[in-house]
Structures are given as C-alpha cells and as structure tokens.
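Notes follow once the structure below has been shown.
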Amino acid sequence: MTTAINLSIRQVEVVTNIVNTMQALPGALLPILHAVQDKLGYIPPASLPLVAEGLNLSRAEVHGVVSFYHYFRSTPAGNHTIQICRAESCQAMGARALESHAKKTLNIDYQQTTADGDITLEPVYCLGNCACSPAIRIGDDVHGHVDTDKFDQLVSTLRTHVVEVK
Amino acid sequence: MNSFTGPTVYIPRDTTALSLGSDKVARSIQQIADEKSLPLHIVRNGSRGLYWLEPMIEVQTERGRIAYGPVTEDEVENFMAAECWLENKNHPLYLGPTEDIPYLKNQQRLTFSRVGIIDPLAIDEYCALDGFAGLHKALQDSPQEIVSTVTESGLRGRGGAAFPTGIKWQTVLNTPADQKYIVCNADEGDSGTYADRMIMESDPFCLIEGMTIAGLAVGATQGYIYLREEYPLAEQVLRDAITIATANNYLGNNILGSSKAFAIEVRLGAGAYICGEETALLESLEGKRGMVRAKPPLPAIHGLWQQPTVVNNVISLASVPIILSRGANYYKDFGMGNSRGTLPFQLAGNIKRAGLVELAFGPTLNSLLHDFGGGTRTGKPMKAVQVGGPLGAYLPAQQWDIELDYEAFIDIDAVLGHGGIVAFDDSVDMSEQARFSMEFCAVESCGKCTPCRIGSIRGVEVIDKICNGERVEANTELLEELCETMIHGSLCAMGGMTPFPVMSALKHFPEDFSSSVSRSSTGLERV
C-alpha cells in the first residue's frame with residue numbers, strides 16, 4: 001500500500017503522473033527524479049514510496065539514489081539558487097575569496113537558504129566556464145569573471161527582481 | 001533565409017559567450033538595427049573558442065568574416081554608430097579577418113573545424129562544411145571496415161584514459177548480442193575543460209554523426225548521451241539537434257534510406273563527478289547510485305544492462321566523422337609517437353588569453369601557456385600548472401618544455417587527460433591545492449573502495465598536520481605511503497589518481513607545506 005503522508009494533493013498528482021508517464025523507460029529512476037525536482041523544486045521524502053512502487057523498487061533503493069547525487073534535494077530551495085564554482089580553474093582566479101564573500105554577505109553557509117527564503121547557496125564543481133573564471137550559476141544562467149563587486153550586483157538584481165514580482 | 005540580402009552579423013551563444021553577456025549584446029544590436037531600419041541578419045553561431053575576445057562579433061564581408069571583440073554590452077552603441085557591420089578598420093575593437101587571428105590561424109582544427117562558424121542547429125550549414133560525409137562513407141563500408149579505419153587512425157580515448165578507440169569498438173563488434181549500446185560520456189566534470197561542452201553547444205550534429213557511425217560499426221541501434229546537469233544549454237541544443245537529425249533521416253529506423261537504425265537519447269546526470277568514470281556512468285544510466293564496478297568484465301562485453309557497450313568521450317566520438325571522411329592516414333599524419341591526431345587543449349584558470357587550442361600532439365606547455373596564452377591574467381609570474389583535471393599533476397616551470405604527448409606525460413607521473421590546462425600565478429599556496437584534491441576526492445568518492453573513501457579523508461588530516469608543523473617528517477612519510485595505497489588499491493581513477501596532484505605539489509613545492517606559511521582559512525572548510 002502506498003502512503004503519501006505530508007504530500008499535498010497537487011504533489012501526489014504531479015508525482016503519480018510523472019511515474020505513470022516515465023516508468024516504462026529503461027533506467028527510469030533518474031529521469032523520474034529529475035522530472036519531480038523540475039516540477040516541485042525538490043524531491044519530497046514522502047514522494048519516494050510512490051516512485052518506488054511505480055518502479056518495483058524498495059523505498060530504500062530510491063532513497064539511496066536520491067541521497068547519492070548532490071543535485072537532488074530533499075527540501076525546497078529558496079527563490080533563487082546560486083552555485084559558486086569551487087574547482088581549480090576558479091580557485092586560480094580568486095574563487096576562495098569569492099565564496100567567503102558570498103557566505104559573509106548572504107550570512108549563510110553552503111546548502112543553506114537566507115532567512116527570507118530568497119537565496120540558496122550551493123557549491124558546484126565546474127560549470128565548464130573555465131576560460132572566464134571565477135564562474136557562478138544562478139538558475140540556468142552562468143556568469144563569468146565574477147569578482148565580489150559583480151557578485152553583489154547580481155545578488156541585488158535578484159533581490160530587486162523579487163520585489164517587482166511581489 | 002537564403003533570399004536575405006542585408007549584412008550578416010554573427011553573435012555567439014555558447015555558455016561562455018552568454019556568461020559575458022552575448023544575449024544582451026544581440027538584443028541591443030537588434031534593437032538599434034530596428035530603430036535605424038537596418039536590414040541586419042543576426043546569426044547566433046557557436047563560439048570559436050577565443051574566449052578572451054568574447055563576446056566576439058563577426059560580420060560577413062566580401063573578403064570573408066571580420067571579427068571585433070570583446071564587444072560587451074557597453075560597446076554596442078559605439079559599435080553600431082561606427083557602422084561596424086561594414087568593415088571598419090579604425091574601430092578600436094577591430095580584429096581583422098577572423099581566420100587571420102594568430103591564435104586561430106596557428107591551430108590545426110580537425111574535430112573543431114566547424115565550431116563557431118555555423119549556426120549549431122542549421123543542418124544545411126553543417127552539411128555544406130563536410131557534415132555527414134563520414135556517415136555517408138560509413139554506410140558504404142562494412143562494420144569491420146569502419147572499425148579498422150578507426151583503429152588505423154590511432155585515435156585514443158579523449159576523455160583521459162587514452163585507450164585505443166578502435167580496439168574498444170572491435171571488442172564490441174566481436175561480442176554477439178541482441179542489443180548493443182553506444183554511450184557517450186558527456187559528464188565533463190574536470191575543472192579546466194570545456195571542449196565537450198563546446199562541441200555539444202556549437203556543433204552538435206558532429207557528435208550525433210560520430211555516435212551513429214559507432215552504432216553502424218559495432219551493430220548498436222541505441223545511443224545514450226550521459227550529460228552532466230551543469231550544462232543546461234548543451235542539453236537544449238542536443239535535444240533540438242536530435243529532433244532535427246531524426247526529421248532529416250540522419251537518425252531513426254531508416255538512416256538515409258539504408259534500412260539501418262540508430263536512435264539517441266539524452267540522459268542527465270545529477271552532480272556526481274564519479275559518474276564520469278565509465279562503469280559508474282553505466283550504473284547511473286541504469287537508474288542506480290553511481291557506484292564504480294570492478295573490471296573485468298569490461299563494459300565492451302558486459303556494459304549497459306550487461307550488454308556489449310561502447311563508452312566513449314564526446315571528443316573521441318566527434319573525431320570519428322573526419323576520420324571516416326578523410327581516411328585513417330589523414331588523421332594519423334598529425335601527432336607524435338603513439339599519440340596520433342589532434343587534441344583540443346583548453347587554456348583555463350589564471351591565463352591572459354584563455355580559450356580552446358586544437359593542435360596535433362607534440363607542442364610544449366610553454367608554447368601553449370605563453371605563445372597562445374600570453375602568460376597570467378593577473379600579470380604575476382606563473383607558478384604552477386595543472387594538466388588533465390583535478391586528478392592531474394601540478395607541474396612546475398621546469399616541466400613546461402615537455403612535449404604534450406600521452407607517454408611523455410606518463411613518464412613524469414603526470415597525465416594529459418582531457419587536455420585541460422589550468423594556470424596559477426605565484427599567489428597560489430600549493431598545500432591548499434593538495435588539500436583540496438584530497439577534499440574533493442572525499443566529497444566525490446562513490447564509497448565502494450576503502451582507499452578512496454577513507455584514504456581521502458585521512459589525506460586531508462595528514463596534510464593539515466604537516467602544514468601545522470606536527471611531526472613533519474613522519475607525517476610526510478605517512479602521506480606518501482597513503483598515496484601509494486590509494487594508487488595501487490583503488491578501484492578506479494578517482495582514488496587511484498588523486499595522489500597525482502597531491503604528490504606533485506609536495507614534490508615540486510615543498511616550501512608551501514611549511515608551517516611558517518601564513519594561510520587563508522577560506523578554502524579549508526569542509527562542505
């Protein structure tokens with residue numbers, strides 16, 4: 001029996017639809033998890049039994065996969081996710097200073113979200129933008145040559161944008 | 001489009017050009033053109049890979065394409081006021097004919113021959129520049145003939161392991177099975193590398209053609225591109241390109257009327273570096289944790305869902321079309337020793353002229369770092385260079401005159417890998433870099449084997465002790481022993497090669513490990 005406590009009706013619908021549509025794919029688990037995270041913003045732990053049942057897997061197996069991959073998240077992120085590249089090319093151009101600046105100005109550590117729920121900070125290991133280090137990614141947009149000034153500018157644009165939307 | 005008579009302006013839209021604002025530049029140019037009623041034809045090409053000049057705009061003139069760069073958003077108004085769509089030699093950003101820019105002119109672009117020239121999704125432009133010529137040849141050849149051509153070309157795996165591609169294909173061809181697979185490893189996670197991304201974003205049909213030829217060669221009808229999640233633009237371009245190629249019968253059940261079938265699907269990774277290792281990648285494709293498999297059995301015999309599988313890197317597969325269309329000897333004539341053909345070197349990190357340099361094997365690092373790269377971007381002396389990604393050794397200046405060749409690098413305990421070259425100036429603290437290598441291994445280890453899973457964590461601790469001046473001699477010896485254990489006892493290159501950057505840093509820059517060096521604490525925290 002499937003139990004999906006703590007999921008909203010919409011979430012149950014979304015996950016069930018995804019599982020029904022994709023379960024026949026060979027190696028369907030990762031595509032399903034991607035689709036769930038794309039739709040819901042994260043993979044609610046309470047959705048795992050639905051996925052497991054659809055693929056004839058144990059809940060532990062699904063949890064094992066979700067927890068293995070850095071990209072999959074079990075809690076919602078903020079309105080914006082900023083990834084800072086920590087890899088060598090960016091280190092060579094000041095990524096260490098950039099990441100400490102980011103943590104300080106946002107007053108959060110990696111994997112945390114600002115108190116207003118606006119910005120989540122994550123580390124990333126290479127965005128393939130190594131010719132223009134340091135690089136960061138906001139949503140699907142990559143930015144190059146990001147020094148502390150440019151970082152502040154980008155963050156303030158994000159914050160302004162949210163106010164406008166509201 | 002063909003009837004268009006106005007001036008043509010090329011504005012790149014690969015990830016790096018976009019990261020420098022090329023979308024905004026394109027919008028501004030379009031807007032000004034509209035205001036002035038100029039019939040400009042804007043083409044969004046890929047990038048030529050001259051990244052220090054991006055956004056690099058090209059205009060079509062009677063004497064070929066003329067480049068300007070970097071044309072940032074702030075420069076657009078001036079660019080348009082100066083009528084740069086005509087050749088304006090007096091403009092401060094004028095670079096002359098693109099093909100005459102020494103950085104590009106001095107390259108040998110085989111795999112990257114179309115990159116940055118065409119609109120990546122314009123299949124007619126692809127065909128006009130020899131696109132699908134390799135596939136046409138492959139459709140006339142027998143599977144064995146295709147495999148033999150690839151074997152004779154001397155092509156070796158460009159992902160880093162440098163295993164002869166033809167031998168891998170031969171094994172899959174010789175292994176009978178109802179279903180075989182072609183898997184493209186597009187999990188380009190090595191820092192300092194972006195060649196795969198460039199092919200996928202700027203010339204996706206080339207990869208599709210290479211995979212299709214591989215399918216014809218070994219008898220596989222299904223291909224998967226395992227793409228890292230960090231490349232959203234590549235994903236979009238590849239999906240579009242697959243749709244277009246299928247609609248034009250370059251993919252599908254009856255490729256160009258030959259009754260041969262091949263299909264490609266893009267699958268996304270989820271931020272796990274280890275999935276660039278071929279067996280972890282296969283596990284991931286099967287929907288599991290990316291845990292490394294013990295080898296043997298080889299993926300060529302028991303690969304995806306235990307079926308015979310070719311697992312090749314993007315650049316290996318994208319090099320196949322030209323090998324088929326021009327012949328094995330044409331390709332083999334480039335290069336040196338047992339490193340045949342070309343390698344797209346990627347200049348990254350602290351370097352003045354960062355970008356992609358495709359050359360036959362054999363140039364020295366010095367020529368890449370200085371003749372092409374122009375030294376550091378910060379203007380300070382260059383201190384160390386890491387070649388081949390996070391598992392590659394750090395090389396000091398005295399090793400920069402060694403020729404870039406697979407075997408020459410193995411001789412100095414280094415690797416060429418995927419051709420990524422990351423430069424550091426003299427502000428780098430090599431003990432921090434060594435520590436980071438161990439830390440990265442701890443974060444990204446799949447956890448299956450002990451030397452990698454635990455060794456990396458102990459490695460971080462021991463390096464800290466050395467840097468704090470605790471029993472330096474004994475702990476250095478311990479670190480060396482730990483590295484030996486990781487090299488010989490790990491299941492895959494993750495644990496087996498992490499010691500390369502660590503030991504090279506310790507060997508060539510011992511002064512940085514002294515406890516008297518003042519350190520920033522910023523890079524030393526665990527995540």
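FYI, it's all coordinate maths here, none of it is from the lab. Please read all numbers here as calculations on a predicted model, not as lab measurements. Positions of Cβ are backbone-derived with ideal geometry, glycine not excepted, and every protein chain shown enters the neighbour counts.
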>> About the Cα centre, and with charges only on the beta carbon of Lys, Arg (+1) and Asp, Glu (-1), how big is the dipole of the protein assembly as shown? Nearest 20 debye, please.
In response: 940
>> For the pair B:His91/B:Lys36, report the inter-label distance in nm, with labels modelled 7 Å from Cα in the Cβ direction.
In response: 0.9
>> Order these by the 10 Å Cβ neighbour count, fewest first: B:Asp130, B:Asp100, B:Asp512.
In response: B:Asp100, B:Asp130, B:Asp512
>> Averaged across B:112-118, how many Cβ atoms of other chains sit within 10 Å of each residue's Cβ atom?
In response: 0
> How do B:Tyr226, B:Tyr331 rank when sorted from fewest to most other Cβ atoms within 10 Å of their own Cβ?
Replying inline: B:Tyr226, B:Tyr331
> Per Stokes-Einstein, at 20 °C and 1.002 mPa s, what whole-number D in µm² s⁻¹ belongs to the protein assembly as shown, with the Kirkwood radius over Cα pairs as the hydrodynamic radius?
Replying inline: 82
>> Test of understanding: express the Cα radius of gyration of the stretch B:281-330 as a ratio to 2.2 N^0.38 Å, with N the residue count.
In response: 1.48
>> Taking beta carbons within 10 Å but only from partner chains, what does the mean come to for residues B:425-434?
In response: 1
>> Around B:Glu125, under 9 Å between beta carbons, what's the net of Lys plus Arg minus Asp minus Glu among the other residues?
In response: -1
> How far apart, in nm, are the 7 Å Cα→Cβ label points at B:Thr72 and A:Ala60?
Replying inline: 5.6
> After finding the eigenvalues of the alpha carbon gyration tensor for the stretch B:441-492, what semi-axes result from the square roots of 5 times each, listed largest first in whole Å?
Replying inline: 22, 12, 5
> Order of B:335-343, B:236-244 by packing, highest average Cβ count within 10 Å first?
Replying inline: B:335-343, B:236-244
> So, with +1 on the Cβ of K and R and -1 on the Cβ of D and E, and no other charges, what is the size of the charge dipole of the stretch B:393-449 about its Cα centre, to the nearest 20 debye?
Replying inline: 360
> Under the Kirkwood approximation applied to all pairs of distinct alpha-carbon atoms, what is the hydrodynamic radius of the stretch B:132-222 in Å?
Replying inline: 14.0
> Within the stretch A:31-120, which trypsin sites (Lys or Arg not before Pro) sit in a loop by DSSP and count at most 14 neighbouring Cβ atoms inside 10 Å?
Replying inline: none
> By the gyration tensor of its Cα atoms, with a ≥ b ≥ c the square roots of the eigenvalues, what is the shape of the stretch A:11-74: rounded for a/c under 1.5, prolate for a/b over b/c, or oblate?
Replying inline: rounded
> Considering only the protein assembly as shown, what is the antiparallel percent among its DSSP beta bridges, to the nearest 5?
Replying inline: 55
>> Quick check on the exposure proxy: order B:Cys446, B:Cys441 from fewest to most C-beta atoms within 10 angstrom.
In response: B:Cys446, B:Cys441
> If the cut-off is a Cα-Cα distance under 22 Å, which lysines reach B:Lys24, setting aside same-chain residues fewer than 8 apart in sequence?
Replying inline: A:Lys150, B:Lys36
> Any idea which of B:Gln433, B:Leu135, B:Gly389 is furthest toward the positive side of the dipole for chain B, if Lys and Arg beta-carbons carry +1 and Asp and Glu beta-carbons -1?
Replying inline: B:Leu135
>> Per-residue Cβ counts within 10 Å, from other chains only, averaged over A:24-33: what number is that?
In response: 5
> For the stretch B:253-340, what is the largest minus smallest coordinate of the Cα atoms on each principal axis, given in angstrom and ordered from greatest to least?
Replying inline: 42, 41, 26
> Local charge sum around B:Glu99 (other residues, Cβ-Cβ under 11 Å, Lys/Arg +1, Asp/Glu -1)?
Replying inline: +3
> Rounded if a/c is under 1.5, else prolate if a/b beats b/c, else oblate: with a ≥ b ≥ c from the C-alpha gyration tensor eigenvalues square-rooted, which is the stretch B:1-105?
Replying inline: rounded
> What dipole magnitude, in Debye to the nearest 20, does the stretch B:182-314 give about its Cα centre under +1 on Lys/Arg Cβ and -1 on Asp/Glu Cβ?
Replying inline: 460
> Rounded, prolate or oblate: which fits chain B when a ≥ b ≥ c are the square roots of the eigenvalues of the alpha-carbon gyration tensor, with rounded for a/c under 1.5 and prolate only if a/b beats b/c?
Replying inline: oblate
> Can you give the calculated 222 nm mean residue ellipticity of the protein assembly as shown, where each DSSP H run of n ≥ 4 adds -39,500 (n - 2.57) and the sum is split over every residue, rounded to the nearest 500 deg cm²/dmol?
Replying inline: -11500 deg cm²/dmol
>> Debye calculation, C-alpha points only, no solvent: report log10 I(q)/I(0) for the stretch B:373-527 at q = 0.15, 0.20 Å⁻¹, in the same order as the q values.
In response: -0.77, -1.33
> How about the stretch B:402-482: which trypsin sites (Lys or Arg not before Pro) there lie in a loop by DSSP and see at most 14 other Cβ atoms within 10 Å?
Replying inline: B:Arg471
> To the nearest 0.05, what FRET efficiency results for B:Glu473 and B:Gln108 with a Förster distance of 41 Å applied to their C-beta separation?
Replying inline: 0.25
>> Working only with C-alpha atoms, what are the Rg and Dmax values of chain A, expressed in angstrom?
In response: 18.2, 54
>> I'd like the antiparallel share, as a percent to the nearest 5, of DSSP beta bridges with both residues in chain B.
In response: 55
>> Please compute, over every Cα-Cα pair in the stretch B:389-466, the percentage with a separation greater than 15 angstrom.
In response: 63
> What is the set of long-range amide H partners of B:Ile118 at a cut-off below 5 Å, with H atoms built 1.01 Å from backbone N?
Replying inline: B:Gly46
> Quick one: net charge of B:Thr165's neighbours, Cβ under 14 Å, K/R +1, D/E -1?
Replying inline: +3
> What distance in nm separates the simple spin-label points at A:Asp109 and B:Leu256, each placed 7 Å from Cα in the Cβ direction?
Replying inline: 5.8
> Say the dipole of the protein assembly as shown comes from +1 at the beta carbon of Lys and Arg and -1 at that of Asp and Glu; which of A:Cys130, B:Pro176, A:Gln153 then lies farthest toward its positive end?
Replying inline: B:Pro176
>> With unit charges on the beta carbons (Lys and Arg positive, Asp and Glu negative) and the dipole taken about the Cα centre of the stretch A:1-118, which residue among A:Gln91, A:Pro31, A:Ser74 sits farthest to the positive side?
In response: A:Gln91
>> Taking only Cα atoms of the stretch B:24-70, what ratio of Rg to Rh do you get with Rh as the Kirkwood inverse-distance radius?
In response: 0.99
> Are there trypsin sites (Lys or Arg not before Pro) in the stretch B:16-92 that DSSP puts in a loop and that have at most 13 other Cβ atoms within 10 Å, and which ones?
Replying inline: B:Lys36, B:Arg63, B:Lys89
> Please state the equivalent ellipsoid semi-axes for the stretch A:78-166: what are the square roots of 5 times the Cα gyration tensor eigenvalues, largest first, in whole Å?
Replying inline: 21, 13, 11
